1. Taking Cα atoms, how many degrees apart are the long axis of helix A:22-36 and the longest axis of chain A, rounded to 10 and kept between 0 and 90?
2. Within segment A:218-233, name every residue whose backbone N is under 20 Å away from a label modeled 7 Å from Cα of A:ALA35 along the Cβ vector.
3. Kirkwood hydrodynamic radius (Cα pairs, Å) of the protein assembly as shown?
4. With every protein chain kept in the model, how would you rank A:ARG162, A:ARG316 by accessible area, 1.4 Å probe, largest at the top?
5. When only DSSP loop residues count, what trypsin sites (Lys or Arg not before Pro) in segment A:172-248 have their Cβ near at most 15 other Cβ atoms within 10 Å?
6. Distance check, please: which entries in A:LYS330/B:LYS67; A:LYS32/A:LYS251; A:LYS302/B:LYS2; A:LYS235/A:LYS302; A:LYS235/A:LYS332; A:LYS266/B:LYS2 exceed 30 angstrom between their Cα atoms?
7. Before anything else, pin down the relative contact order of segment A:243-383: Cα pairs under 8 Å, at least 6 apart, normalised by residue count, whole percent.
8. Is the shape of segment A:129-190 best called rounded, prolate or oblate, per the rule: a/c under 1.5 gives rounded, else a/b larger than b/c gives prolate, else oblate, with a ≥ b ≥ c the square roots of the Cα gyration tensor eigenvalues?
Amino acid sequence: MRPVAIIGIGKTAFGAFPDRDLRSLAVEAGQKCLADAHVSPSQVEAYYLGNFAGPSFVGQNHLAPYIAGAMGITGVPCTRFEAACASSGSAFYHGVSSVAAGLNDVVLVAGVEKMTSQTTPKVTEILAGAGDTCGEVRAGATFPALFAMIARRHMYQYGTTREMLAAVAVKNHENGAKNPLAHMRKVITMAQALNGKPISEPLTVFDCSLISDGAAAVLIAPLDRAAEFTDKPVKVLGVAQTSDYVALDQKDDITTFRAVVTAAQKAYKMAGVTPQDIQFAEVHDCFTIAEIVAIEDLGFVKKGDGGPYELAGCTRLTGPLPINTSGGLKSKGHPVGATGVGQICDLVYQLRGEAGERQLARHSLGLAQNLGGSGATAVVTILGAV
Amino acid sequence: MKSGLVYTETVVHAAPEQFIADAPYQLAIVSLEEGGRLTARIDGERVVIGDRVDFVEDRNGIPFFRKA
């Protein structure tokens with residue numbers, strides 16, 4: 001297997017952009033990425049696109065060649081990957097696989113979602129399509145409801161509190177306020193987070209990530225060719241995608257995402273590192289409870305210790321293990337299909353020392369965790385500075 | 001009649017389009033006595049984790065349970 005490097009990144013701002021369509025967002029991210037690596041469209045050997053629900057949100061299918069063509073990329077495999085909120089994490093996993101296997105050298109991996117043209121109840125309904133529509137969803141489950149039930153059980157088993165959930169939101173907004181590409185660049189107080197409008201008890205509006213438009217792209221190539229394109233390549237040390245049942249009620253223990261645990265184990269093994277070696281991470285905080293479960297499942301803390309760890313400030317920019325320095329899905333925004341590749345871009349900003357006000361002192365080894373649905377898909381990626 | 005224990009629950013305030021008229025409503029994952037788990041609606045009094053619940057009826061394919 002050939003070692004793989006990230007040779008370029010490109011992101012749009014995440015936010016609500018009524019005058020932008022899905023394709024223009026994806027094209028902007030792709031072109032920024034190609035420019036970052038000084039690569040022309042004719043050099044791209046494959047285009048892998050993560051997108052959850054373009055057909056439902058904007059009525060467009062056959063998205064990968066639709067977007068690639070607009071960038072002048074034709075005559076190569078252009079494929080859309082759908083894995084709920086892990087769509088572009090999955091596209092990245094498969095892109096790396098194809099380069100590692102030697103099938104392709106220069107692969108553009110992207111993610112996009114255009115969500116804000118629909119009403120919130122309609123978005124809620126479309127997102128619910130990532131659950132089991134013959135079971136939990138038919139009974140009235142929404143994604144906030146599924147994660148609210150995870151939160152309730154986590155609270156019951158481990159004593160996690162509302163304050164611990166709120167601490168995640170406050171910290172991520174603190175980071176997002178420093179990110180020029182974030183959707184909601186404002187700090188919130190603990191009191192605000194605790195007293196938000198209820199969405200699905202015990203979660204309030206401040207426990208939920210944002211409904212956003214946006215796109216992100218990364219360009220990958222064999223590590224031994226990286227120097228042709230960039231003087232600041234980032235090495236893909238480990239990447240793994242795993243799965244679990246779609247329905248929450250089929251999982252034995254809903255306080256852990258088994259797919260995350262197994263993907264992490266594989267990625268750590270591939271990278272030859274342990275959870276304690278990781279210096280910073282972007283984790284999938286679609287809801288505040290999801291960040292707490294993630295840092296436990298990734299092995300950063302013991303099961304049940306995630307809440308107290310967050311409340312103690314250990315995951316802040318100044319803490320021993322900064323989590324979601326980008327602001328996370330909570331503040332940066334969560335254009336579902338763009339999130340996985342967006343996280344990879346955010347790791348790369350840190351690894352290259354380009355994270356501005358959010359730049360960490362220790363920035364040579366980072367991890368990204370992308371979750372689909374209530375844990376039916378997980379992708380864990382470990383990146384290192386070269 | 002199916003009975004079970006509440007494994008977890010939530011009260012949904014922000015409902016999807018087709019259930020807006022029902023909100024707020026309580027949803028629970030019930031660990032059934034006969035084995036397995038089921039996502040169901042709770043009829044009547046609110047329940048918490050560990051409460052015993054009995055099956056009431058299916059309404060439009062949605063199982064409803066009530067506090068025992």
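1. 60 degrees
2. A:218-220, A:229-233
3. 21.8 Å
4. Descending accessible area places them as A:ARG316, A:ARG162.
5. Of the trypsin sites (Lys or Arg not before Pro), the ones in loops of segment A:172-248 whose Cβ has at most 15 other Cβ atoms within 10 Å are A:LYS186.
6. Flagged as over cut-off: A:LYS330/B:LYS67; A:LYS32/A:LYS251; A:LYS302/B:LYS2; A:LYS266/B:LYS2.
7. 35 percent
8. It comes out oblate by the Cα gyration axes.
The values are calculated or read from the model by the stated rules, or taken from the named source; none is laboratory data. Remember, predicted model here, so these are calculated numbers, not experimental data. Please note: Cβ atoms are built from the backbone with ideal geometry, for glycine as well, and neighbour counts cover all protein chains shown. The area values use the complete protein model at the heavy-atom level, side chains included, leaving out ligands, DNA and RNA. Shrake-Rupley method; radii C 1.70, N 1.55, O 1.52, S 1.80 Å.
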